[in-house]
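Quick notes on the structure that follows.
Values in this text are rule-based calculations from the coordinates and carry no lab data. In this text, all values refer to a predicted model and were calculated from it rather than measured experimentally. When we count neighbours, we look across all protein chains shown, and the Cβ atoms used for this are built from the backbone with ideal geometry, even at glycine.
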Amino acid sequence: MTGFIFIVIWIWILVAPVVAFKARRARHLPAKALAIGSIGLLLVVAFAAVFDISFIRPEADVLTWCAAYGAYCYLAFSPVLENAKIAKHAVRSVALVPIFCGYALGTVGVPGLGLIIADATEPPIQVTRLERGVVCEVNLWGAAMTDSGYIIRASRRYGLFLERTVTKVTVNQSAGDPEMSCADLLNQYAD
């Protein structure tokens, strides 16, 4: 599954700005409605990020982040500011910086992108049900040429799709951090 997620993200990083640029000229789609929808999507994704809310399945998170990047790209090229020349140029010059960084990541940064995606989508090595609706997961991170360790994360699940991270601890084994377990994390959270 990691390979599929990598390909989706890699292609979307390269294609989303082109799709967004073309969408600004679409006559059958109202520009203001697309801009409002894009802003709404970005606000929902930002709210979820601030409050550590995510989907249980990493594929759903990937699709959500891809949609948010597409919305961001659309707003960068949005025709809403066409009449305000100075504002249009100021907004676009600032908004294009992350898009150019995405192109760098999608071309020369492909190996790094692959390592990041592999870490982020690796299934947990341990899953423990702690209490009603709370699950503790242990995920490994790192590579041979970098530090490595694991993340212990307790999340409360809401239905079949959403979860919210309650607490999280990163253990850097390369730096000699003390070992932790799900029980330790739960005790630390209860205090």
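Work out, step by step, the length gained on full extension between A90 and I7: first 0.36 nm times the residue separation, then minus their alpha carbon distance; give nm to one decimal. Walk me through the numbers on the way to the answer.
Working: separation 83, 0.36 × 83 = 29.88 nm, distance 3.27 nm.
Contour length minus Cα-Cα distance gives 26.6 nm.
Given springs between every Cα pair under 10 Å in a Gaussian network model of the chain, which of L42, L29, L130 has the largest fluctuation? So, out of L42, L29, L130, the one fluctuating most is L29. The residue list P58, V15, H28 was ranked by how far each Cα lies along the charge dipole of the stretch 15-71 toward its positive end, using unit charges on Cβ atoms, and H28 comes out on top. From the square roots a ≥ b ≥ c of the eigenvalues of the alpha-carbon gyration tensor of the stretch 119-191, which class results: rounded (a/c under 1.5), prolate (a/b over b/c), or oblate? It is oblate, given that a/c is not under 1.5 and a/b is not larger than b/c. Taking 4.7 Å between beta carbons as the limit, the unpaired Cys residues of the chain are C66, C73, C101. How far, in degrees from 0 to 90, does helix 31-50 lean away from the longest principal axis of the Cα atoms of the chain, to the nearest 10? Helix 31-50 and the main axis of the chain meet at about 20 degrees. Between the Cα long axis of helix 58-76 and the first principal axis of the chain there is an angle of about 30°, rounded to the nearest 10. With the helix formula -39500 (n - 2.57) applied to DSSP H stretches of n ≥ 4, the chain reaches a computed 222 nm mean residue ellipticity of -18500 deg cm²/dmol. Here the stretch 58-191 is treated with +1 on each Lys and Arg Cβ and -1 on each Asp and Glu Cβ, and its dipole about the Cα centre works out to around 660 debye. Among the chymotrypsin sites (Phe, Trp or Tyr not before Pro) in the stretch 73-179, those located in a DSSP loop and surrounded by at most 12 other Cβ atoms within 10 Å of their own Cβ are F161. Distance between the 7 Å Cα→Cβ label points at I56 and T146: 2.9 nm.
Computed from Cα positions, the angle between helix 2-23 and the longest principal axis of the chain comes to roughly 20 degrees. When the square roots of the Cα gyration tensor eigenvalues are ordered a ≥ b ≥ c, the ratio a/c for the stretch 37-108 is 1.5 or more and a/b does not exceed b/c, which makes its shape oblate. Over the chain, Cα pairs under 8 Å with separation of 6+ residues give a relative contact order of 19 percent.
Pull out a ≥ b ≥ c, the square roots of the eigenvalues of the alpha-carbon gyration tensor of the chain, then state rounded if a/c is under 1.5, prolate if not and a/b is larger than b/c, and oblate in the remaining case. The shape class here is prolate. Taking label positions 7 Å along the Cα-Cβ direction at both E179 and L162, the computed distance is 3.7 nm, reported to one decimal.
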